[in-house]
Amino acid sequence: QEGGLTLVKRAPKKQQETLKKLDALEKQDLIAQEKFETLHLQLAAILRFYVESCHGLKAQEQTTEEFIKEIAHSPHFNLEQQHLLKFFLQMADLVKFATFEPGSDVSQEAWLSIRNFVLTTGRASGV
């Protein structure tokens, strides 16, 4: 397990890496192509990468339910951020497992929400 200082030092670089991944995902134009499942699965993977690499949670190794329980007890996220994570991850699971089709507007909002989450949690952490 890594110490908090190591995570803080690494956070700005990982935040920038995450933002680059989000920009690259946007350039794929998956919303216009109506590839909503691909978009949401990639957003979820990027989000889990970010949370694990910047905040030390084992996000990539957990089920959505385990992840949601852990963030509820994490000092890294305020209540609004916790709700955003929970909502997005549950929606991504619906897209993946229940063939839920979110559509263009919901998918664009999801992308913007994840980007804003990365920006605001980085700022709240002193990044």
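The values are calculated or read from the model by the stated rules, or taken from the named source; none is laboratory data. Source: prediction; values computed, not measured. Virtual Cβ from ideal backbone geometry, glycine too; neighbours counted across all protein chains shown. Accessible surface is based on the protein model in full, side chains and every heavy atom, while ligands, DNA and RNA are left aside. Shrake-Rupley method; radii C 1.70, N 1.55, O 1.52, S 1.80 Å.
Observations on the structure shown:
- Helix 36-55 and the longest principal axis of the C-alpha atoms of the chain enclose an angle of approximately 0°.
- At a probe radius of 1.4 angstrom, the accessible area of the chain per residue rounds to 58 square angstrom.
- 0 to 90° range, to nearest 10: angle between helix 4-27 axis and the chain longest Cα axis: 20 degrees
- For the chain, the number of Lys pairs with C-alpha atoms closer than 15 Å, counting only pairs eight or more positions apart or on separate chains, is 5.
- Identified option (computed Kirkwood radius over Cα pairs in Å; candidates (1) 14.8; (2) 16.0; (3) 17.0): (1)
- Expressed as a whole percent, the accessible surface of the range 54-127 that belongs to carbon and sulfur atoms is 54, based on a 1.4 Å probe.
- The longest part of the chain holding none of the exposed loop GluC sites (Glu not before Pro), meaning those outside H, G, I, E and B in DSSP with at most 16 other Cβ atoms within 10 Å, is 35-127.
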